[in-house]
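Every number here is computed from the coordinates shown, using simple stated rules; none is lab data. What you are looking at is a predicted structure, and each value in this text was computed from that prediction instead of being measured. Here Cβ is always computed from backbone atoms with ideal geometry, including for glycine, and neighbour counts include all displayed protein chains.
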Amino acid sequence: MAKIKKIAVFTSGGDAPGMNAAVRAVVRTALAHKLDVMGINRGYQGMIEDDFVKMKSKSVRNIIQRGGTILRTARSEEFRTPEGRKKAFDNLKKHKIDAVVVIGGDGSFKGAGIFSQEYDIPFVGMPGTIDNDMFGTDYTIGFDTALNTVVEAIDKIKDTAFSHDRTFFIEVMGRDAGFIALKAGIATGAEMVLIPEVEGQEKQLEELLQSSEKSSNIIIVAEGNNIGGAHEVAKNFGKKYKDHGVRVNVLGHMQRGGSPSAFDRFLASRLGVAAVDAIIDNQRSIMVGYKNHEIVHVPFNKTIKGKRDIGEELLRVNDILAK
Ligand code: F6P
């Protein structure tokens, strides 16, 4: 196999706190191994539009604590087309890139998997999404920070909910997964969490509202749950339970911003070193993940096809405590 001399790194999909720490780790590890390294701005779209930038050690100075991503990010429609991917390949060749590190979610890995079947360029992935919904890793970069942001916000809402004996429906991110909602529910002592992984929660919600008139309730609504968004659920149930003084809070994109937690910085740093190590080791089409406090390598097709289980034990803990 040809010796790797130059690599590229980019961030893709929804941004997540810790992506900068991940970029920093990749750049510094590459330089430590005497590899040249380029950053690609705006994900796959920047690869198509030739938006490459040479990275030096100084380029990643003072970013470990910053939220967002200095390389910016995008969800590229053009990369879904063979013509788009051809342009991306031509640009990678033009810059003499031998291998690529992609930091993103499963959609980003899917794109990488398709691309490296068509063109002979190795890709290694690092899991970066606040949703924590990736198969093969216990944690994704950004989840811990987002969870802490949500917990802080809900604690504040709880104060006012209690004072007024109101029921709050609080919508959190997670269009396909309830990890943020469930863990935030346990950590804030919420009365209920509505998540995509559990069917038929209407009855339970009805029972809660019937039994808790004139007391406060925190109901966390994951975006992708099976009943509806927080506004919709509040409207449908609020009509019947007028005494609950129903209010709605959609936390939205504040969950994606902010300085990464110590855990996310640490995770991103470890995974960044592991990603470059894997490239030097001539690995391809794998994600570097973190399982039981160890680095693991998971083939892209497993991370893409596998569905990360929400965990029966977490559901049980929540069921026992949310009374
Ligand atoms: O995948 C991360 C995520 O934050 C989801 O939780 C959310 O549904 C989605 O991205 C929002 O995407 P956008 O920023 O494109 O609206």
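Build a GNM of the chain with springs between Cα atoms under 10 Å: which of ILE220, ILE130, ILE157 gets the top mean-square fluctuation?
Among ILE220, ILE130, ILE157, the largest GNM mean-square fluctuation belongs to ILE157.
Looking at ASN318, VAL9, VAL102, which one has the Cα that reaches farthest to the positive end of the dipole of the chain (charges on Cβ: Lys, Arg +1; Asp, Glu -1)?
The listed residue farthest towards the positive side: VAL9.
Can you tell me the orientation of helix 19-32 relative to the chain, as the angle in degrees between its alpha-carbon axis and the longest Cα principal axis, to the nearest 10?
Between helix and principal axis, roughly 20 degrees.
May I ask you to evaluate 6.51 cos²θ - 1.76 cosθ + 1.60, the Karplus curve with θ = phi - 60°, for each residue of segment 49-55 and list the ³J(HN,Hα) values in order in whole Hz, giving x for glycine and proline?
In residue order, the calculated couplings are 8, 6, 9, 9, 9, 5, 10 Hz.
Extent of the chain along each principal axis, from alpha carbon coordinates, in Å, largest to smallest?
69, 37, 33
Among DSSP beta bridges whose residues both lie in the chain, state the antiparallel percentage, nearest 5.
That works out to approximately 25 percent antiparallel.
Relative contact order for the chain: what is it in percent, counting Cα pairs under 8 Å that are at least 6 residues apart?
Averaging sequence separation for qualifying contacts and normalising by length gives 23 percent for the chain.
Suppose only helical runs count, i.e. DSSP H with n ≥ 4. What mean residue ellipticity at 222 nm does that imply for the chain under -39500 (n - 2.57) per run, divided by all residues and rounded to the nearest 500 deg cm²/dmol? Show your work: numbers first, answer last.
Working: 11 runs with 132 residues, N = 323.
Helix-only estimate at 222 nm: -12500 deg cm²/dmol.
Considering the options THR145, LEU71, ALA222, tell which one lies farthest towards the positive end of the dipole of the chain, charges being +1 on Lys and Arg and -1 on Asp and Glu at the Cβ, about the Cα centre.
Towards the positive end, the residue furthest out is LEU71.
Treating the beta-carbon of each Lys and Arg as +1 and of each Asp and Glu as -1, no other charges, what is the dipole magnitude of the chain about its Cα centre, to the nearest 20 debye?
About 1440 debye.
Tabulate in residue order the Karplus-calculated ³J(HN,Hα) for segment 308-313, using 6.51 cos²θ - 1.76 cosθ + 1.60 with θ = phi - 60°, rounded to whole Hz; enter x for Gly and Pro.
So the Karplus estimates, Gly and Pro as x, are 6, 6, 5, x, 4, 5 Hz.
Along its principal axes, what span do the Cα atoms of segment 143-256 show, with the longest given first and each in whole Å?
35, 30, 20
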